[in-house]
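**Student:** Sharing a structure here in structure tokens format.
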Amino acid sequence: LLEAMQEFAVTYAGVTHSLERPFFIHATQNPIEQAGTFPLPEAQLDRFLLYIRIDYPTAQEEHAILESTTGKKKNQVNKVIDGHKILDAQKLVREVHISTDLINTVNLLVRSTRPDQTEVKFVKEWVRWGAGPRAGQAMILTAKARALLKGRFAVIQEDITQMAYPVLRHRILMNFKAEADGIFADDVTRYLIEHVTASLRDTL
């Protein structure tokens with residue numbers, strides 16, 4: 001996984017195979033059973049762009065699943081975009097504008113997750129290890145992508161707020177007290193968004 005994420009290649013039996021771009025790595029995690037699974041190292045988790053939680057489907061979605069997967073009918077999947085256009089879109093995402101103020105917001109938000117670099121009480125109380133620089137990069141790039149998908153060529157605060165959760169969810173490591181208190185990474189992210197927004201507003 002690390003080689004694929006960092007080097008865009010995989011090595012098997014001493015032979016390195018380059019991965020054709022674009023590609024993405026998708027890992028699933030069952031929050032209930034632990035048999036046959038193990039937690040990934042922090043350095044490996046950090047290389048995943050987002051950690052997205054998927055809940056049970058709605059009644060309508062589940063009905064569609066049951067209907068489409070238990071009969072003979074085969075759905076035809078049609079290509080709507082090719083790899084070259086995806087690569088072009090990735091380049092376009094980087095051209096989306098983000099203001100210096102919003103970059104400051106991201107910087108402060110990420111740095112505030114680190115117990116040894118912040119005075120935020122609940123971070124010192126509940127967090128064992130905070131997010132690294134990749135978190136800030138991921139937050140800005142995904143906020144730019146969200147803005148583009150919303151038809152905008154500039155990032156707004158809402159983009160940062162929405163992307164902060166899946167970006168930080170696997171990068172904030174909680175301590176035993178947090179587990180005992182029922183506090184999760186999303187709770188810390190929510191508190192930090194409120195704290196950072198208030199702090200920046202007070203400095204204006």
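The values are calculated or read from the model by the stated rules, or taken from the named source; none is laboratory data. Nothing here was measured: the structure is a model prediction, and the numbers come from that model. Methodologically, a virtual Cβ is constructed for each residue, glycine included, from the backbone with ideal geometry; neighbour enumeration extends over all protein chains shown. These accessible areas exclude ligands, DNA and RNA; they are computed on the full protein's heavy atoms, side chains included. Shrake-Rupley method; radii C 1.70, N 1.55, O 1.52, S 1.80 Å.
**Student:** Treating only the Cβ atoms of Lys and Arg (+1) and Asp and Glu (-1) as charged, compute the dipole magnitude of region 1-116 about its Cα centre; round to the nearest 20 debye.
**Tutor:** 360 debye
**Student:** Dipole size in debye (nearest 20) for the chain around its Cα centre, Lys and Arg Cβ +1, Asp and Glu Cβ -1?
**Tutor:** 500 debye
**Student:** Take every Cα pair under 8 Å in the chain that's 6+ residues apart, average their separations, divide by the length, and report that relative contact order as a whole percent.
**Tutor:** 21 percent
**Student:** Run the numbers for Thr16 and Ile86: contour at 0.36 nm per residue of separation, minus the present Cα-Cα distance, in nm.
**Tutor:** 22.7 nm
**Student:** Still on this structure, please answer the following. Trypsin sites (Lys or Arg not before Pro), restricted to region 46-93: which are DSSP loop and have at most 13 other Cβ atoms within 10 Å?
**Tutor:** When the trypsin sites (Lys or Arg not before Pro) of region 46-93 are filtered for loop state and at most 13 Cβ neighbours within 10 Å, Arg53, Lys72, Lys73, Lys74, Lys79 remain.
**Student:** Would you look at the GNM of the chain, springs on alpha carbons closer than 10 Å, and say which of Glu125, Glu42, Glu61 moves the most?
**Tutor:** With Cα springs under 10 Å in the chain, the top fluctuation among Glu125, Glu42, Glu61 is at Glu61.
**Student:** By the scheme Lys and Arg +1, Asp and Glu -1, what is the net charge of all other residues having a beta-carbon under 11 Å from that of Asp159?
**Tutor:** Within the 11 Å Cβ shell, the charges total +3.
**Student:** Just check region 57-98 against the gyration tensor rule for me: Cα atoms, a ≥ b ≥ c as the square roots of the eigenvalues, rounded for a/c under 1.5, and otherwise prolate or oblate depending on whether a/b exceeds b/c.
**Tutor:** oblate
**Student:** Further, regarding this structure: List the residues whose amide H sits under 5 Å from the amide H of Ala154, counting only those 5 or more places along or on another chain, with H placed 1.01 Å from N in the peptide plane.
**Tutor:** His97
**Student:** With springs only between Cα atoms under 10 Å, which of Ile65, Ile86, Ile193 fluctuates most in a Gaussian network model of the chain?
**Tutor:** Ile65
**Student:** For Gln90, what is the net charge nearby, where nearby means another residue's Cβ is under 11 Å from its Cβ and Lys, Arg count +1, Asp, Glu -1?
**Tutor:** +3
**Student:** Past the 26 Å Cα-Cα mark, which pairs from Lys85/Lys144; Lys72/Lys150; Lys79/Lys150?
**Tutor:** Over 26 Å Cα-Cα: Lys72/Lys150.
**Student:** Right, something else. For region 71-204, what ratio Rg/Rh do Cα atoms give with a Kirkwood hydrodynamic radius?
**Tutor:** A ratio of 1.10.
**Student:** Something else about it: Taking the Cα centre of each part, how many Å lie between region 172-199 and region 57-81?
**Tutor:** Region 172-199 and region 57-81 have Cα centres separated by 38 Å.
**Student:** Can you send over the carbon and sulfur percentage of the accessible area for region 73-204, probe radius 1.4 Å, protein chains only?
**Tutor:** 56 percent
**Student:** Now, a different point. In nanometres, what is the gap between the two model label sites at Leu66 and His26, each 7 Å from Cα along Cα-to-Cβ?
**Tutor:** Label at Leu66, label at His26, 2.4 nm between them.
**Student:** Out of Leu141, Leu102, Leu192, any idea which swings most in a Gaussian network model of the chain, alpha carbons joined below 10 Å?
**Tutor:** So, out of Leu141, Leu102, Leu192, the one fluctuating most is Leu102.
**Student:** May I pose another question? In the chain, which longest range has no chymotrypsin sites (Phe, Trp or Tyr not before Pro) that are both DSSP loop (not H, G, I, E or B) and surrounded by at most 13 other Cβ atoms within 10 Å?
**Tutor:** Excluding the exposed sites themselves, the longest stretch runs over 25-152.
**Student:** Amide H to amide H, which residues 5 or more places from Val127 or on other chains are under 5 Å from it, using H placed in the peptide plane?
**Tutor:** Asn175
**Student:** A further question on this structure: Keeping every protein chain present and rolling a 1.4 Å probe, give me the accessible area per residue for the chain in Å².
**Tutor:** Accessible surface, normalised per residue, equals 72 Å².
**Student:** Right, next: Students often forget the sequence filter, so: which lysines lie under 29 Å Cα-Cα from Lys177 once same-chain residues fewer than 8 apart are removed?
**Tutor:** Candidates past the 8-residue exclusion: Lys121, Lys124.
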